[in-house]
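All of the numbers you see were taken from the coordinates with simple rules; none came from a lab. This is a predicted model, so every value here is computed, not measured. Reconstructed Cβ throughout: ideal geometry from the backbone, glycine too, with neighbour counts over all protein chains shown.
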Amino acid sequence: MTARLILGKEVSESIYSELRERIGKLKAEGIVPGLAVVLVGEDPASQVYVRMKGKKCEELGMHSVTIVLPESTTEAELLAKVNELNADDSIHGFLVQLPLPKHINEDTIINAIDPKKDADCFHPENVGRMLIGDPSFLPATPAGVQQMLIRSGVETSGKHVVVVGRSNIVGKPMAAMMVQKGKGADSTVTVVHSRTQNLPEITRQADILIVAIGKARFITKDMVKEGAVVIDVGTNRVPDPAAKNGSRLVGDVDFENVKEIASAITPVPGGVGPMTICMLMANAVKATECATRLR
Ligand code: GUN
């Protein structure tokens, strides 16, 4: 068996067409959804992500603001910028790109973001609302994974979902979302991580395996049940002498071999990747709708 591919580009396009319609309705009311992205320092990967977020915003006809601050920015200066964005009526959602320089406490910054403008859904109030099943926003990457499952017709109700990884950005919220009541959820969820004993024994029980552990090709064919749906959230740069820049991107799953046993799988790149920005845009549009009480 060779797995069916679940492609983020295809799934995100259907969401973008819905977002364009909602943005059109807001604009007809004279409201342009505004998203701001704050980047501190010169981390090359962050620079790429921030550029992509700004570009997508403009493509959708939203008001896009990118704020680049030097590495030497103090915590107080960044807090002042966050407060300025909290008070700016033209900005409906914003985020501060992580990681931040070591001298700035990330939690302090996240806690200062107005929860109504928290496009990442990283603020503890929004994380709590998501956990109790009454979300304002959903965290972008797990929400993207859930939409991929829903829109590619993967049944989740009653299925055993194994989440590999326990980060605050992906693993923990992913598990919390899949265990909720409702569409694209209602699953039985197990979380495994770097300290889990007999990890392959557990991953082999997954009907749906969601992998976000940050280790290149960590999930091998022998760790996957025949017919499982495999979602690979990993992006790892590995050396590749044949590549132009000497490296290439691989996921946390040994794609070439696992695709022989899975029923459906997401590639890297081209799988989950495009979904994160898409769901960020969805959060920004939702924040605008909520702020203007159109919904
Ligand atoms: N760094 C890596 N992923 C993310 C994300 O989704 N949001 C923010 N703010 N920073 C990140």
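Taking a virtual spin label 7 Å from the Cα of Val68 along the C-beta vector, which residues in region 17-53 bring their backbone nitrogen under 14 Å of it?
Hits in region 17-53 for Val68 at 14 Å: 37-53.
Which distance in Å, rounded to a whole number, links the C-alpha centroids of region 193-267 and region 1-57?
About 25 Å separates the Cα centre of region 193-267 from the one of region 1-57.
So what's the net charge close to Thr203: Lys and Arg +1, Asp and Glu -1, counting the other residues with Cβ under 10 Å from its Cβ?
0
Could you tell me what a quarter of the Cα convex hull surface of region 207-292 works out to, in nm² with one decimal place? Walk me through the intermediate numbers first.
Values: hull surface 29.6 nm².
It is 7.4 nm².
Taking the Cα atoms of region 1-135, report the difference between the largest and smallest coordinate on each principal axis, in whole Å and largest first.
48, 48, 34
Return the single residue from Pro267, Pro101, Pro44 with maximal mean-square fluctuation; model: Gaussian network over the chain, springs between Cα atoms under 10 Å.
Pro44
Which percentage, to the nearest 5, of the DSSP beta bridges contained in the chain is antiparallel? Let's see the in-between values first.
Working: 4 of 34 bridges.
For the chain, the DSSP antiparallel bridge percentage is about 10.
If the limit is 28 Å between Cα atoms, which of Lys27/Lys53; Lys55/Lys259; Lys56/Lys244; Lys159/Lys221; Lys53/Lys181 go over it? Mind showing how you got there, number by number?
Numbers: Lys27/Lys53 20 Å; Lys55/Lys259 33 Å; Lys56/Lys244 26 Å; Lys159/Lys221 20 Å; Lys53/Lys181 31 Å.
Pairs exceeding 28 Å: Lys55/Lys259; Lys53/Lys181.
Across 10 Å bins from 0, what is the distribution of all Cα-Cα pair distances for the chain, in whole percents?
Distribution as computed: 6, 27, 34, 24, 8, 1 percent.
Along the charge dipole of the chain, which of Ser72, Ile150, Pro33 sits closest to the positive end, that is, farthest toward it, with unit charges on the beta carbon of Lys, Arg, Asp and Glu (+1, +1, -1, -1)?
Ile150
So what is the 222 nm mean residue ellipticity for the chain from helices alone, if each DSSP H run of at least 4 adds -39500 (n - 2.57) and you divide by all residues, rounding to the nearest 500 deg cm²/dmol?
-11500 deg cm²/dmol
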